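K.L.:
Dumping the structure here so I can ask a few things about it.
The values are calculated or read from the model by the stated rules, or taken from the named source; none is laboratory data. Please read all numbers here as calculations on a predicted model, not as lab measurements. A quick note on method: Cβ atoms are made from the backbone with ideal geometry, for glycine too, and the neighbour counts reach across all protein chains shown.
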Amino acid sequence: MNDTNTSIRSLLRPAIASAVLFMLLTGLAYPLVTTAAANLLLPWRAQGSLVQHDGRVIGSALLGQAFTAPRYFHPRPSVTQAADPKDPSKTVDAPYNAELSAASNDGSTNRKLIDAVAGRARAYRSENGLAANAPVPVDAVTASGSGLDPEISLANAELQLPRVAAQRGLPQAEVERLLNEHTAARVFGLFGVPRVNVLELNLALDTLAREGQHGTKS
Amino acid sequence: MSTDLLYFVLMLACMTALAIPMGKYLAGVFTDAGHALPERVTYRLLGVDPDHGMRWSQYGLALVLANAAMLLLGYLLLRVQAWLPWNPLHLPGMSPDLAFNTAASFITNTNWQSYSGENTLSNFSQMAALTFLMTVSAATGLAAGAAFIRALGHAEKPEIGNFWVDLTRIVWRVLLPVCFVVALVCVWQGVPQTLASDAVATTLEGAKQHIILGAVASLEAIKNIGTNGGGFFGANAAHPFENPTPFTNSLEILSMLLIPSALTVTFGCMLTRKRQGWVFFGAFLVMFVGFLAIAYPAERAGNPQFTTLGVAQQHTVTQPGGNMEGKEMRFGIAGSSLFVTSTTAATTGAVDAMHDSLTPLGGLVPLGEMMLNCVFGGKGVGLINLLQYAILAVFLIGMMIGRTPEFLGKKIEAREIKLVMLAVLAHPICILGFTALAVLWPHIADSLGNTGPHGFSEILYAYTSATANNGSAFGGLSVNTPFYNTTIGLAILIGRYGTLLPMLAVAGLLAGKKTLPETAGTFPTATPLFMALTVLVTLVVGGLTFLPALALGPLVEHIAMLHDQLF
């Protein structure tokens, strides 16, 4: 017993010293050196890949946004929430809230999930002028893991394309061209899936529209 | 389909290719007689003699005391967050129970999170509390693994190494350099690394989007390299800032498998029993591939209910198909399934898809892997867990052929087997005992995010994840209650030290024994036959223990799903 006591006492100093020392080394020095190196080498990435348009920040290239206007391509459903402005103890739906990422966490046999998917499929078909039994791509009616998924599938984009083109008075081929330009292929043809970044595509549409206006003015 | 299979094969090939140099490097780190300059400075500051050998009891005591001091420091930092720098969003300190739960969970490499990082922790806490605890907990597990392997190679020498030396070297020579490089690659792909805490964007539609930023990359690197798994954000590796591309997804998978797989090579090098190391690697790999072969087809087949609603789940060139609820576009089914299988194999607990929304059989995979707890397994402890089953296999074989069981030239006797059984039993007793207690607890149904068999799976998953020190969750369960915080906290501690300490004792006992020369009567353990037997013993012990619980959860839910029954 005495043996254990001496042994504990002799180990106490290194135990406490190791906590403080490794906190300084791995909790401060390591992240700070990494921050310095990252901001020196890759400042735009290190600062969150923020996208500027007309001199103001319009979002991050990596985070999805809640586009709802018919002239824009729409992202996947998001179930993120935010505090209710009227009563902070409650929450309200706030899709693509980048302050609080969240998923539904509904299991495959959860009635809530199946009802939500049914409702989203109906809304998607009516919004895009599809037949009542037209197949809908699965990514268009399921919520992502983060609630901030920036991308949609090509199948999903193709079905939204006629609506966007009609709303903007653009030929479909023109929108198709932009869609192809902003399609990300598999990395090395192997990693991930082909997909399109909604913010980048919508930004390209707006830029095109403004160039068009300039064209008619001059 | 064929692209996905090719992807899996390539990833496993990369893992194997990385395991060899890393394993050899680790063997050097664990056996080097010299001390580098930063290490000598560290020993002086700690006030320790690096050449002093420790018996298993001293080693274990140093490990527990150091962890206790680190836990306490982490707890304090989380409590007083409001007074510390880099907190422009004025986040308050954590409540005592939440701070304790978090510190305990991070020091044990579990990284169970009862909170969402982005609205709870300041940039300072993410670094000084979490990144710190993640690094030292990984180093602790790896040190125990190193001591265990070293002990197996000793003959009549009960000292199994010096804990301070192992801890210091692992931090300086392994974790910091590897994490620095991985962090920069993550930044290159888009993971933020900044002292700024937020940015406000005005979207094209005129809405405000408040974007949370921080030192994400440095945390992300150690989170995976250290098989920790705790996220900077609530959505963990599903968040585009933690895991922005299919490339980072693959990098994170390889990162978390790197050291657990390399340790089998380290084992082979240190004991000069290379074949034996590969036998263990093979045992890991066989189980891993088996679990992947359940998860991927299950997620790819998707949810039959969706098909009834006219939702297209077929995989085509223009869409990933499958069960995309809770999954991200950029990873699709293949990237998500491989991540699910890896994160619970390597007991990381990071998630790039929500496990609660996996199909029933898809969800069975992480549960099963954490129950076995030795499909690669966590930093250091995974190999220890597999060795525990290997010793059990040797013992059973010895009983069958009527000889005293031997393992690596050491006689396996009653004391070792008792300790091994203590470690083998601590795991299921903790999981099943707490699950049984929870389902009997009054008003427990209020905490469930899903009802029916899936609700039972949520509870079972919580205690399995805590005991296996994994930290992933079926996130629908509301766990921030006194009952869950207490029982899950206990499960975390029992799971970590209830297996680690008995196995260190086994190591100490074996180190003190003579190494017997191999004779014609020795059962060879460096053969495919022994690999198969170890896997078999693991599956039989695990299966007999956990199958009834799995039948009540995922299996019955799968049958319900096929028969269109909703809950």
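K.L.:
Conditions: (1) closer than 22 Å to A:Asp139 by Cα; (2) without any contact (Cβ under 8 Å) to a residue 40 or more places away in the chain; (3) within 13 Å of another protein chain (Cβ to nearest Cβ); (4) not in a loop (DSSP other than H, G, I, E, B). A:Gly189 meets all but one. Number of the miss?
P.N.:
All conditions are met except number (4).
K.L.:
Now a separate question. Considering only region B:186-198, state which residues are closer than 24 Å to A:Phe22 by Cβ and surrounded by fewer than 21 Cβ atoms within 10 Å (Cβ to Cβ).
P.N.:
B:Leu195
K.L.:
Continuing with this model, one more query. Any idea which of B:Thr131, B:Thr110, B:Thr120 is among the β-branched types (Val, Ile, Thr), within 30 Å of B:Thr344 (Cβ to Cβ) and more than 12 Å from chain A (Cβ to nearest Cβ)? Please lay out each step first, then the result.
P.N.:
On the way: B:Thr131 fails: more than 12 Å from chain A (Cβ to nearest Cβ); B:Thr120 fails: more than 12 Å from chain A (Cβ to nearest Cβ).
The conditions single out B:Thr110.
K.L.:
Hey, which of the strands (runs of 3 or more DSSP E) in region A:1-97, taking only ones fully inside, have at least 3 residues that are under 21 Å from the mean Cα position of the chain (by Cα) and more than 7 Å from every other protein chain (Cβ to nearest Cβ)? Write out each step before concluding.
P.N.:
On the way: elements: A:50-53, A:56-60, A:81-83, A:91-93.
Qualifying strands (runs of 3 or more DSSP E): A:50-53, A:81-83, A:91-93.
K.L.:
Does B:Leu383 satisfy the condition of being more than 11 Å from chain A (Cβ to nearest Cβ), in contact (Cβ under 8 Å) with a residue 24 or more places away in the chain and assigned to a helix (DSSP H, G or I)? Spell out the reasoning first.
P.N.:
On the way: more than 11 Å from chain A (Cβ to nearest Cβ): yes; in contact (Cβ under 8 Å) with a residue 24 or more places away in the chain: yes; assigned to a helix (DSSP H, G or I): yes.
Yes, satisfied.
K.L.:
Sticking with this structure for a sec: Take the conditions at pLDDT below 90 and either of a type in the set (D, E, K, R) or closer than 21 Å to B:Leu536 by Cα (or both) and apply them to B:Met421. Does it pass?
P.N.:
Numbers: at pLDDT below 90: no; either of a type in the set (D, E, K, R) or closer than 21 Å to B:Leu536 by Cα (or both): yes.
Against the criterion (at pLDDT below 90 and either of a type in the set (D, E, K, R) or closer than 21 Å to B:Leu536 by Cα (or both)), B:Met421 does not qualify.
K.L.:
Here's something else I'd like to know. Might you check whether a residue that is under 23 Å from the mean Cα position of the chain (by Cα) and under 19 Å from B:Val351 (Cα atoms) occurs anywhere in region B:264-286?
P.N.:
Looking through region B:264-286, none of the residues is under 23 Å from the mean Cα position of the chain (by Cα) and under 19 Å from B:Val351 (Cα atoms).
K.L.:
Please determine, by comparing only the residues of region A:148-185 that are within 7 Å of chain B (Cβ to nearest Cβ) and not in a helix (DSSP H, G or I), which one is nearest to B:Gly234 (Cα to Cα).
P.N.:
A:Leu148
K.L.:
Only one residue in B:Ala445, B:Ala390, B:Ala426, B:Ala462 is out of contact with any Lys or Arg (no Cβ under 8 Å at 6 or more places or on another chain) and surrounded by fewer than 17 Cβ atoms within 10 Å (Cβ to Cβ). Which one?
P.N.:
Details: B:Ala390 fails: surrounded by fewer than 17 Cβ atoms within 10 Å (Cβ to Cβ); B:Ala426 fails: surrounded by fewer than 17 Cβ atoms within 10 Å (Cβ to Cβ); B:Ala462 fails: surrounded by fewer than 17 Cβ atoms within 10 Å (Cβ to Cβ).
Being out of contact with any Lys or Arg (no Cβ under 8 Å at 6 or more places or on another chain) and surrounded by fewer than 17 Cβ atoms within 10 Å (Cβ to Cβ) holds for just one of B:Ala445, B:Ala390, B:Ala426, B:Ala462, which is B:Ala445.
K.L.:
Any idea how many residues of region A:123-163 are closer than 16 Å to A:Ala66 by Cα and either of a type in the set (A, V, I, L, M) or surrounded by fewer than 19 Cβ atoms within 10 Å (Cβ to Cβ) (or both)?
P.N.:
Residues meeting the conditions: 8.
K.L.:
How many residues are within 14 Å of chain A (Cβ to nearest Cβ) and of a type outside the set (A, V, I, L, M) when one looks only at region B:343-380?
P.N.:
Qualifying residue count for the region: 10.
K.L.:
If you don't mind, another one. Taking region A:123-147 only, how many residues are among the polar types (S, T, N, Q) and in a helix (DSSP H, G or I)? Before the answer, list the steps.
P.N.:
Taking region A:123-147 and keeping what is among the polar types (S, T, N, Q), we get A:126, A:128, A:133, A:142, A:144, A:146.
Those left that are additionally in a helix (DSSP H, G or I): A:126.
Total meeting the criteria: 1.
K.L.:
Check A:Asn105, A:Asn133 and return the single one that is within 24 Å of B:Leu361 (Cβ to Cβ) and free of Cβ contacts under 8 Å to residues at least 12 places away in the same chain.
P.N.:
Values: A:Asn133 fails: within 24 Å of B:Leu361 (Cβ to Cβ).
Residue meeting the stated conditions: A:Asn105.
K.L.:
Only one of B:Ala201, B:Ala221 is at the interface with chain A (Cβ under 9 Å from one of its Cβ atoms) and in contact (Cβ under 8 Å) with a residue 12 or more places away in the chain. Can you tell me which?
P.N.:
Values: B:Ala201 fails: in contact (Cβ under 8 Å) with a residue 12 or more places away in the chain.
Testing whether each residue is at the interface with chain A (Cβ under 9 Å from one of its Cβ atoms) and in contact (Cβ under 8 Å) with a residue 12 or more places away in the chain leaves just B:Ala221.
K.L.:
What do you reckon, is B:Met70 of a type in the set (A, V, I, L, M, F, W, C), touching an Asp or Glu at 6+ places or on another chain (Cβ under 8 Å) and buried (at least 18 other Cβ atoms within 10 Å of the Cβ)? Lay out the reasoning, then the answer.
P.N.:
Working: of a type in the set (A, V, I, L, M, F, W, C): yes; touching an Asp or Glu at 6+ places or on another chain (Cβ under 8 Å): no; buried (at least 18 other Cβ atoms within 10 Å of the Cβ): yes.
In short, no.
K.L.:
If you don't mind, another one. Can you name every residue in region B:175-197 that is assigned to a loop (DSSP other than H, G, I, E, B), more than 7 Å from chain A (Cβ to nearest Cβ) and closer than 11 Å to A:Thr34 by Cβ?
P.N.:
Matches in region B:175-197: B:Val191 only.
K.L.:
I need every pair where a residue in region B:495-510 that is closer than 17 Å to B:Leu142 by Cα has its Cβ under 7 Å from the Cβ of a residue that is outside any helix (DSSP H, G or I), sequence separation at least 6 or different chains.
P.N.:
These pairs meet every condition: B:Gly495/B:Ala468; B:Gly495/B:Asn469; B:Arg496/B:Thr108; B:Arg496/B:Asn469; B:Ala507/B:Ile160; B:Gly508/B:Arg55; B:Gly508/B:Pro158; B:Gly508/B:Ile160.
K.L.:
Still on this structure: Of everything in region B:44-63, what is part of a helix (DSSP H, G or I), at the interface with chain A (Cβ under 10 Å from one of its Cβ atoms) and buried (at least 19 other Cβ atoms within 10 Å of the Cβ)? Give them in sequence order.
P.N.:
Matches in region B:44-63: B:Leu46, B:Gln58, B:Leu61, B:Ala62, B:Leu63.
K.L.:
Just to check your reading of the model, which residue among B:Glu118, B:Glu39 is among the charged types (D, E, K, R) and either closer than 29 Å to A:Ser10 by Cα or touching a His at 6+ places or on another chain (Cβ under 6 Å) (or both)? Break it down stepwise before answering.
P.N.:
On the way: B:Glu118 fails: either closer than 29 Å to A:Ser10 by Cα or touching a His at 6+ places or on another chain (Cβ under 6 Å) (or both).
Going through B:Glu118, B:Glu39 in turn, just one is among the charged types (D, E, K, R) and either closer than 29 Å to A:Ser10 by Cα or touching a His at 6+ places or on another chain (Cβ under 6 Å) (or both): B:Glu39.
K.L.:
Can you tell me which of B:Asn249, B:Asn243 is at the interface with chain A (Cβ under 10 Å from one of its Cβ atoms), of a type in the set (S, T, N, Q) and outside any helix (DSSP H, G or I)?
P.N.:
On the way: B:Asn249 fails: outside any helix (DSSP H, G or I).
So the residue among B:Asn249, B:Asn243 that is at the interface with chain A (Cβ under 10 Å from one of its Cβ atoms), of a type in the set (S, T, N, Q) and outside any helix (DSSP H, G or I) is B:Asn243.
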